[in-house]
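Participant: Take this structure, written in structure tokens, and hold onto it; I'll ask about it next.
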Amino acid sequence: MAPAASKLRAREGLGALPQLALAQYLRLLRLYPVLTKAVTSGILSALGNFLAQMIEKKREKENCSQKLDVSGPLRYAVYGFFFTGPLSHFFYLFMEHWIPSEVPLAGVKRLLLDRLLFAPAFLLLFFLIMSFLEGKDAAAVAVQIRRRFWPALRMNWQVWTPAQFVNVNYVPLQFRVLFANLVSLFWYMYLASLGK
């Protein structure tokens, strides 16, 4: 009877695992908000690139022996950790302070600030940092930005505008970076596909 009881306790323990993980995440978010958001951003950015590579590999069935590019997820992890997490954290704090909920049309103003100022600047930063991490020279970076920035920004506006409307108006401040990271999982898959 003892083995059955221990199996039952083990199952209950596994069922409690998501709650324990959430509690730990909330604790870390409260104690170390920037670091927690940076780590989360780094992990989810790397995962997005990894999934993009897996999708690309499936799409090109004839070249199934092609190995995954480990440097891709590493670059995305670096970008997520050092840029996405910290910059998003401070941008959302700034937005909350500059355009509080009580301001008339706060939701629209927040969305416009995000879409017209933050999104283009952040996307440009993405192209610059990724090019630097890939070891490209200035001429190659300029060509890449000229060729890919506007199509990527238009797609950004299509994908992110509804997501950011929800994020900046309905998601609690401490979870906005996480919400954006989850949307970014798919967004980075798209951006990684542009590199092909």
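The values are calculated or read from the model by the stated rules, or taken from the named source; none is laboratory data. Since we're looking at a predicted model, the values are computed, not measured. Virtual Cβ from ideal backbone geometry, glycine too; neighbours counted across all protein chains shown. Just the protein is used for accessible areas: all its heavy atoms, side chains included, with ligands, DNA and RNA removed. Shrake-Rupley method; radii C 1.70, N 1.55, O 1.52, S 1.80 Å.
Participant: Can you give the Rg to Rh ratio for the stretch 56-116, taking only C-alpha atoms and Rh from Kirkwood?
Facilitator: 1.31
Participant: Another question, then. Per-residue HN-Hα couplings for the stretch 67-84, Karplus 6.51 cos²θ - 1.76 cosθ + 1.60 at θ = phi - 60°, whole Hz, x for Gly and Pro?
Facilitator: 7, 6, 7, 5, 5, x, x, 5, 4, 5, 5, 4, 4, x, 5, 8, 10, 4
Participant: At 0.36 nm per residue, minus the direct Cα-Cα distance, what do D137 and V39 gain on full extension? Give it in nm, one decimal, please.
Facilitator: The span from D137 to V39 would gain 32.4 nm if fully extended.
Participant: Let me ask you something else. Mean-square fluctuation check for the chain, GNM, Cα pairs under 10 Å: which of G107, G85, G42 is largest?
Facilitator: Highest fluctuation of the listed residues: G107.
Participant: Let's test the formula: R0 of 35 Å, r as the Cβ-Cβ distance of K57 and R27. What FRET efficiency results, to the nearest 0.05?
Facilitator: Using R0 = 35 Å, I get an efficiency of 0.40.
Participant: Using a 7 Å offset from the Cα along the Cα-to-Cβ direction at both L93 and R148, what is the distance between the two label points in nm, to one decimal?
Facilitator: It is 3.1 nm.
Participant: What number comes out for accessible area per residue over the chain if the probe is 1.4 Å? Units Å², please.
Facilitator: Ligands and nucleic acids excluded, the figure is 60 Å² per residue.
Participant: I'd like the accessible area for S101: 1.4 Å probe, protein heavy atoms, all chains in place, Å² to the nearest 10.
Facilitator: 80
Participant: Sort K58, K37 by accessible area with a 1.4 Å probe, largest first.
Facilitator: K58, K37
Participant: I've got another one for you. Could you tell me the accessible area of E134 in Å² (1.4 Å probe, neighbours in place), rounded to the nearest ten?
Facilitator: Rounded to the nearest 10, the figure is 80 Å².
Participant: Out of the total accessible area of the chain (probe 1.4 Å, heavy atoms of protein only), what percent is carbon and sulfur?
Facilitator: After summing per-atom areas, the C and S share lands at 71 percent.
Participant: Right, next: Show me, for the stretch 171-177, the HN-Hα J-couplings you get by feeding each phi into the Karplus relation (A = 6.51, B = -1.76, C = 1.60, θ = phi - 60°), rounded to Hz, glycine and proline as x.
Facilitator: Running phi through 6.51 cos²θ - 1.76 cosθ + 1.60 with θ = phi - 60° gives 8, x, 3, 5, 9, 5, 5 Hz.
Participant: Oh, and also: Ignoring ligands, DNA and RNA, how do V183, V177 rank by accessible area with a 1.4 Å probe, largest first?
Facilitator: Correct descending sequence by accessible area is V183, V177.
Participant: Students sometimes get this wrong: rank R176, R30 by accessible area, probe 1.4 Å, all chains present, largest first.
Facilitator: Accessible-area ranking of R176, R30, largest first: R30, R176.
Participant: I've got another one for you. Could you pull the accessible area for I55 with a 1.4 Å probe, rounded to 10 Å²?
Facilitator: Here the accessible area works out near 80 Å².
Participant: Among all lysine pairs in the chain that are eight or more places apart or on different chains, how many have alpha carbons less than 24 angstrom apart?
Facilitator: Within the chain, the lysine pair count is 8.
Participant: Just one of (i) 227; (ii) 140; (iii) 167 is volume of the Cα convex hull per residue in Å³ calculated from these coordinates, so which is it?
Facilitator: Entry (iii).
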